[in-house]
Amino acid sequence: MFGAPVSTLLLLVIVGASVIALTRRHDWLERGLFRPFWLVRRGEWTSIVSSAFLHADFPHLLFNAFTFWAFAFMLERRIGSGAFAALYAFGIVASSVGTWLQHRREPGYATLGASGAVLAVLFASIVYFPTGSLYVFPLPVPLPAPLFALGYLAYTIWASRQDFGRVNHDAHLGGAVAGVAFVVFSDPAQVAAAFAAWLG
């Protein structure tokens, strides 16, 4: 989209690679899995990147693609393409580190999806657009951005300690923290402005 070349390219690659893998090249899914237990033991370093561009099913892909589309383009226009690319890369690495720390002793654990990097984009957007609101299904009214952020972090921390479902909450938490941390270190003045907006 105009003014956001990195977001456009990332969205095309995420959707294109995932659709091909899900419909024609199922071997891509197996080869692209991020397996924390084998990361160091087998040197599967490229899986940190490959797993962030593939999805195990269409609902997960659609959710991540929609969330990315909703926030990435306006954020890239605000902070610039170089900073946005760095944020996205940082989100991938941080979410992978969170997953590795939690699951590095589990030989059978594997994960796919762009959720960690997408959450980094979402939470950085909350800092850059602090007065915004987000719709969260099934609530009929939008939630103020800071309230959503606090609620989401609380839920993610709780969910990561439960033993159910197929959602990689550790990647979500790592990505969310990475998005805020990226703004703290790259643009501390914006963090101060966001707090002023929230407290004002």
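The values are calculated or read from the model by the stated rules, or taken from the named source; none is laboratory data. What you are looking at is a predicted structure, and each value in this text was computed from that prediction instead of being measured. Neighbour counts run over all protein chains shown; Cβ positions are idealised from the backbone, glycine included. SASA here: full protein model, heavy atoms, side chains in, ligands and nucleic acids out. Shrake-Rupley method; radii C 1.70, N 1.55, O 1.52, S 1.80 Å.
Report relative contact order for the chain in percent, whole number only (criteria: Cα-Cα under 8 Å, sequence separation at least 6). Mind showing how you got there, number by number?
Values: 290 pairs, mean separation 47.8, N = 200.
Taking the mean separation of contacting Cα pairs over the length of the chain, I get 24 percent.
With the largest listed first and rounded to whole Å, the semi-axes of the equivalent ellipsoid of segment 98-146 from the Cα gyration tensor are 31, 14, 8. Highest GNM mean-square fluctuation among Phe34, Phe58, Phe90, for the chain modelled with Cα contacts below 10 Å: Phe58. Where in the chain are the helices, taken as whole DSSP H runs, whose Cα atoms extend 24 angstrom or more along the long axis and whose Kyte-Doolittle mean reaches at least 0.5? Those that pass (Cα extent of 24 Å or more, hydropathy at least 0.5) are 5-23, 58-79, 81-103, 169-186. Using alpha carbons only, the radius of gyration of the chain set against its Kirkwood radius gives Rg/Rh = 0.97. Taking all protein chains together and rolling a 1.4 Å probe, Tyr128 ends up with roughly 20 Å² accessible. Model label points for Ala181 and Leu147, set 7 angstrom from Cα along the Cα-to-Cβ axis, are 2.9 nm apart. Distances between placed amide hydrogens fall under 5 Å for Leu134 paired with Leu143, Ala145, all partners being 5 or more residues away or on another chain. Calculated accessible area for segment 1-115 comes out at 53 Å² per residue, all protein chains present (probe 1.4 Å; ligands, DNA, RNA ignored).
Inverting the mean 1/r over all pairs of different Cα atoms, compute the Kirkwood radius of segment 60-154 and quote it in Å.
14.5 Å
For segment 1-64, taking Cα atoms only, Rg and Dmax work out to 13.1, 43 Å respectively. Taking N as the residue count of segment 1-115, its C-alpha radius of gyration divided by 2.2 N^0.38 Å amounts to 1.09.
How do Val19, Val127 stack up against each other in accessible area, from largest to smallest, with a 1.4 angstrom probe? Please report the intermediate quantities before stating the final value.
Working: Val19 55, Val127 10 Å².
Heavy-atom accessible area, descending, gives Val19, Val127.
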